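Beneath this line is the structure, given in structure tokens, with notes to follow.
The values are calculated or read from the model by the stated rules, or taken from the named source; none is laboratory data. Please read these numbers as outputs of a predicted model, since none were measured by experiment. Methodologically, a virtual Cβ is constructed for each residue, glycine included, from the backbone with ideal geometry; neighbour enumeration extends over all protein chains shown. SASA here: full protein model, heavy atoms, side chains in, ligands and nucleic acids out. Shrake-Rupley method; radii C 1.70, N 1.55, O 1.52, S 1.80 Å.
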Amino acid sequence: MIPNGSIAYRERGVGPTLALLHAFPLSSALFEPQLAALADACHVVALDLRGFGQTPLEGPYSLEELAQDVAQTLAALGHERFVLGGLSMGGYVALAFQRLFGDRLQGLILADTRAGADSPEARERRLAIAREVEERGTEGLVETMPDTLLSAGAAPDLKAHVRRWIAQADPRAVAAAQRAMAARLDSTPLLAAVRVPALVVVGEQDALVSPAEAEQMASMLPNGRLVRIPRAGHLSNVENPVAFNTALREFMRAIVP
Ligand code: MLT
């Protein structure tokens, strides 16, 4: 258990609550474009997952424990029910939240993420990355990850920005997150039980989650809808914030008018 009040977050705006969970190995800073653009439509709360941003590392942990952190933090803010959105690793945590606290959701946003667990090979790769960053630091990730997270057409200064974000990640937090993702459960069977409206978002050039995979996930959600974000890779919210924010704004308006 992480002590009450330890989870850092950025918040802006008034109205229905939209909690956002960031990708690996970033922080709530990822959602600055959403905090800025959606504040007139909703109360955006972007959390720092354990070990990232301003939240201390308390680990090892499971994704279910991260979901408990979210539940506890939002309850302390007075939000029993809210819309939860996660991008990539944040989406894995949002699905863990659905598993544990599904009745607290008013809506679910899954961006550039997948419901399935890792293959044995993917799991091994993650455990190897965890060992490597513990021994040698995150230099390798800082070099290679921006190209994977962004499309080939991404602006050079956005790429430099993402590189700086990755460089800020604590290697111990990176290792803990890789181990938690490696151990995550298959959430595919949960999708049919998501009764609230669900929005699946994917960058058309996402190198980690293909639009076809996202489309399949959307089709398994009884109340699901897919929005493809043009001219964007995996971090679709920062590569094409206008399209991403439009999708979220429409979703929020339809759920909590
Ligand atoms: C992320 O962007 O959060 C990661 O790419 C997720 C993953 O490693 O599966």
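Taking the conditions exactly as written (open to solvent by less than 20 Å² (accessible area, probe 1.4 Å) and either within 11 Å of the ligand (Cβ to nearest atom) or in a loop (DSSP other than H, G, I, E, B) (or both)), does T148 satisfy them or not?
So T148 fails the test.
How about region 1-78: which strands (runs of 3 or more DSSP E) wholly inside it have at least 1 residues that are among the hydrophobic types (A, V, I, L, M, F, W, C) and more than 16 Å from the ligand (Cβ to nearest atom)?
Per the criteria, 17-21, 43-47.
Could you run through region 179-222 and say how many residues are open to solvent by 10 Å² or more (accessible area, probe 1.4 Å) and within 13 Å of the ligand (Cβ to nearest atom)?
Total meeting the criteria: 7.
Pull up region 233-246, narrow it to residues that are among the aliphatic types (A, V, I, L, M) and closer than 18 Å to G90 by Cα, then point me to the one that is surrounded by the most Cβ atoms within 10 Å (Cβ to Cβ).
This residue is L235.
Residues of region 181-200 being over 15 Å from R114 (Cα atoms) and in a helix (DSSP H, G or I), which ones?
A193
Going by what's in this entry, would L158 be described as open to solvent by less than 40 Å² (accessible area, probe 1.4 Å) and in a helix (DSSP H, G or I)?
yes
Does region 146-158 include one or more residues that are touching a His at 6+ places or on another chain (Cβ under 6 Å) and touching a residue at least 24 places away in the same chain (Cβ under 8 Å)?
Checked against the condition, which is being touching a His at 6+ places or on another chain (Cβ under 6 Å) and touching a residue at least 24 places away in the same chain (Cβ under 8 Å), region 146-158 yields at least one hit.
In region 108-143, which residues are open to solvent by 80 Å² or more (accessible area, probe 1.4 Å) and not charged (D, E, K, R)?
P120
From L21, L38, grab the single residue that is under 15 Å from L87 (Cα atoms) and out of contact with any Cys (no Cβ under 8 Å at 6 or more places or on another chain).
When all the criteria are applied, what remains is L21.
Report, by residue number, each residue of region 237-252 that is in contact (Cβ under 8 Å) with a residue 24 or more places away in the chain and either of a type in the set (K, R) or closer than 17 Å to P16 by Cβ (or both).
Hits for region 237-252 are N245, A247, L248, R249, F251, M252.
Can A180 be described as over 17 Å from the mean Cα position of the chain (by Cα) and in contact (Cβ under 8 Å) with a residue 60 or more places away in the chain?
no
Identify the residue in region 79-95 that is more than 16 Å from the ligand (Cβ to nearest atom) and open to solvent by less than 20 Å² (accessible area, probe 1.4 Å) and, among all such residues, is nearest to the chain's Cα centre (by Cα).
Out of the qualifying residues, it is V83.
Could you list all residues from region 55-73 that are within 11 Å of I7 (Cβ to Cβ) and either free of Cβ contacts under 8 Å to residues at least 24 places away in the same chain or surrounded by fewer than 21 Cβ atoms within 10 Å (Cβ to Cβ) (or both)?
Selection gives P56, E58, Q68, A71, Q72.
When region 1-48 is examined, which residues are found to be closer than 20 Å to S88 by Cα and open to solvent by 40 Å² or more (accessible area, probe 1.4 Å)?
Y9, R10, E32
Can you tell me which residue among G137, G153 is farther than 21 Å from M181 by Cα, away from the ligand (no atom under 14 Å from the Cβ) and of a type in the set (G, A, S)?
Matching residue, one of G137, G153: G153.
Report whether or not Q98 is assigned to a strand (DSSP E or B), touching a residue at least 24 places away in the same chain (Cβ under 8 Å), open to solvent by 10 Å² or more (accessible area, probe 1.4 Å) and not β-branched (V, I, T).
no
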